[in-house]
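Trainee: I have a structure I would like to understand better, so I am pasting it below and will then ask my questions one at a time.
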Amino acid sequence: MADDILTGDVIRTRKTHPCGCDEWTVIRTGADIRIRCNGCGRLVMMDRDTFLKRRKAIVTRRMPSGLSE
Ligand SMILES: [Zn+2]
């Protein structure tokens, strides 16, 4: 799987969140990645390496629109 991380990606993690949801939306990318649980809305921040280790699959990827980002 490619190592790219895009804002708006919906990803699945290896471990299920305590709320029972295992899908997250990428809110912010960079040195630190911020993701939001699609089940309870909790925000979690982690570094890129940790994120890539926890990510199991990309569920949906936002299509790039325009030149920004
Ligand atoms: Zn949750």
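Trainee: Filter region 38-58 down to the residues that are more than 14 Å from Asp22 (Cα to Cα), within 16 Å of the ligand (Cβ to nearest atom) and either of a type in the set (S, T, N, Q) or surrounded by 14 or more Cβ atoms within 10 Å (Cβ to Cβ) (or both) and list them by number. Lay out the reasoning, then the answer.
Mentor: Of region 38-58, the ones more than 14 Å from Asp22 (Cα to Cα) are 45-50, 52-53.
Next cut, within 16 Å of the ligand (Cβ to nearest atom) only: 45-46.
Across region 38-58, the qualifying residue is only Met46.
Trainee: In region 30-59, which residue that is part of a loop (DSSP other than H, G, I, E, B) and modelled with pLDDT of 95 or more is nearest to the chain's Cα centre (by Cα)? Outline the logic, then answer.
Mentor: We begin by selecting, within region 30-59, every residue part of a loop (DSSP other than H, G, I, E, B); these are 30-31, 38-42.
Going one step further and asking which of them are modelled with pLDDT of 95 or more, we end up with 38-42.
On the way: Asn38: 10, Gly39: 13, Cys40: 15, Gly41: 13, Arg42: 12 Å.
If we take residues in region 30-59 being part of a loop (DSSP other than H, G, I, E, B) and modelled with pLDDT of 95 or more, then Asn38 is nearest to the chain's Cα centre (by Cα).
Trainee: Kindly indicate whether Leu67 is under 12 Å from the mean Cα position of the chain (by Cα), modelled with pLDDT under 95 and either surrounded by 12 or more Cβ atoms within 10 Å (Cβ to Cβ) or part of a loop (DSSP other than H, G, I, E, B) (or both).
Mentor: Considered against the rule, which asks whether it is under 12 Å from the mean Cα position of the chain (by Cα), modelled with pLDDT under 95 and either surrounded by 12 or more Cβ atoms within 10 Å (Cβ to Cβ) or part of a loop (DSSP other than H, G, I, E, B) (or both), Leu67 comes out as no.
Trainee: Kindly indicate the residue of region 5-29 that is in a loop (DSSP other than H, G, I, E, B) and in contact with an Asp or Glu (Cβ under 7 Å, 6 or more places away or on another chain) and also farthest from the ligand (Cβ to nearest atom) among those meeting that condition.
Mentor: So the first thing to find is which residues in region 5-29 are in a loop (DSSP other than H, G, I, E, B), and the list is 5-9, 14-22, 29.
The next check asks that each one be in contact with an Asp or Glu (Cβ under 7 Å, 6 or more places away or on another chain); those that pass are 7, 16.
On the way: Thr7: 19, Thr16: 9 Å.
My answer is Thr7.
The values are calculated or read from the model by the stated rules, or taken from the named source; none is laboratory data. On a predicted model such as this, the values are computed, not experimentally measured, just so you know. All Cβ positions, even for glycine, are placed from backbone atoms using ideal geometry, and neighbour counts span all protein chains on display.
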